[in-house]
1. Rank the residues R259, R100 as a footprinting-exposure proxy: fewest other Cβ atoms within 10 Å of their Cβ go first.
2. Which log10 I(q)/I(0) values, to two decimals, does the stretch 6-68 give at q = 0.13, 0.23, 0.26 Å⁻¹ under the Debye formula with one point per Cα?
3. Can you put E42, E244, E360, E58 in order, fewest other beta carbons within 10 Å first?
4. Work out the length of the dipole vector of the chain about its Cα centre, built from +1 on the beta-carbon of each Lys and Arg and -1 on the beta-carbon of each Asp and Glu, and round it to the nearest 20 debye.
5. What aspartates and glutamates does K232 reach when the alpha-carbon gap must be under 15 Å and sequence neighbours fewer than 8 apart in one chain are set aside?
6. Near the amide H of L162, under 5 Å away, which other amide H atoms are found, from residues 5 or more places off or on another chain, if H is placed in the peptide plane?
7. Rank these for me by crowding, W66, W251, going from fewest to most other beta carbons within 10 Å.
8. How large is the dipole of the stretch 1-51 about the Cα centre if only Lys and Arg carry +1 and Asp and Glu carry -1, each at its Cβ, rounded to the nearest 20 debye?
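Just so it is clear, none of the values below were taken in a lab; they were calculated from the coordinates. Note that this is a predicted model, so its numbers are computed, not measured. Positions of Cβ are backbone-derived with ideal geometry, glycine not excepted, and every protein chain shown enters the neighbour counts.
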Amino acid sequence: MGIRSSEAIGRRIKQAREDAGRTQESLAQSVHLDRSALAKIETGTRKISALELARIAENLAVRLEWFVADAPPALVSRRNTREPGAPSPTMDALAERVAREVEFVQVHDETLRYQQTPEALRRPTTRAEVETAAGLARELLGVDPAEPVTHLSRRVARTGLLAFSIDLGADAADGCAVLLAHGGVAIVNGHLRVGRRRLTLAHELGHYLFADAFALDWQVTGSEPASSREGKIDHFARCLLLSEDALTRAWADHRRDERPLRASAVLTASRFRVDMSTLARRLSELDLVSNGEAGDVRRLQTTRADIVDLDLVVSDELEAPELARPYVEAVLRLYRQEIVSEARALDLLFDTWNEVDLPERPSLPQEAIWSFVS
C-alpha cells in the first residue's frame, strides 16, 4: 500500500467529513483550525501536519491510516439487496479496515498467508454451468453433494477467504468481498437473520472464486450487464447451499410423508439453514413446486412454536460479532510472541475481545529479559 499525496489526503478528509454530515466550519472549529485552512487542506493546496490529521481522524471517528495509505485495490463486490446499486459507506469503511488488518497480520504470520487464492472457476453463462460451478465449489469446501453445508465460515477459509460477521445495522449493505494478494476477506452484515447471513457469504464466495473470470474490478463495464452477473452469483449461492441432489431428496421425503406444505418448508429451511425466500426460489428452479406454492413458501415465517413442534435445528452461524477463526488464531500467535502489544491485539480483534480474554504470555527466561532491557 502506497502513501497518498496531499491532494489525495485532502479528498479523503472531505469524503469523511461529508459522510459524517459535517460542514467545514463545524469540523474546523472542533480541530482548532480556520475554515479557510481546512478548505485548502481539502483541495490539497495546504499540507496538513500529523497532529492536525490525528485530530481530524479522532473527531470524525475514522482510523488515521484510512487517510494516508492506499486501500487494497481489489474491492470485488458489494451485495446490497435492500437498495441494489446503492453505496454503503459503512460497509466499505469496514471492508477497507478489515483488509488492512488482515494484510498486516499476514506480513507477520506466515501461517495466515500460506493459503493462496484458488484458481478461478470458469465463468458460468448458463444454468447448467452455474450448477456445475457450485458443485466444484462444494468440493473445495469439502462438502458431500448430498448433505447441507454446515459451518460455512470455517469451510470458506479452506479456500483462503476469511469471513467476518459484524452488525452494521439495517441500512448497510448485506456484504462485500475484497481480493487480497493472499486469499481474501468477506464481510457479512451480522444484522441479518441467519439464513440471509449464510446466503450473503455464499454469494461473496462466488465473487471470490470467479474473480479472475469476471475481472477484479466489478464496476468495469463489460459485455454482460452487472445485474446479469449478480443474478448468476445469486444463483450460484443458492446452488451451493441447496444442491439439487440434497434438496430433491429432502423435499421428496417430506412430501412423501404427506406433510403440509408449511411443515415441509419449515423443516427443509431449518435443515439447510436458509431463509424462506431462498428456499422458494430454489424449489421453483428445480421444478419441485408450482409458482403458487413457491409464493406460499416465500411468505412463510418460522415461529417459536415451529421450533418446538418440529424439533428444529436452531443455528447461530455467523452471529455477530464473529471473526474468521484462522485470523483470530494468527492474532493470538502474534500476541504470544510479543510481536504485537495487548492494545494492538485488541485493536486487531476489532474490540470484540477484552483484556481478560487474551491468553497469558509465556514467561521469558531471565537472560532474554536482560537482553530485551539492554
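1. The fewest-first ordering by Cβ neighbours comes to R259, R100.
2. -0.25, -0.88, -1.19
3. E360, E58, E244, E42
4. 720 debye
5. Result set, ordered by chain and number: E129, E131, E204, E224, E285.
6. G184, V185, A186
7. W66, W251
8. Rounded to the nearest 20 debye, it is 140 debye.
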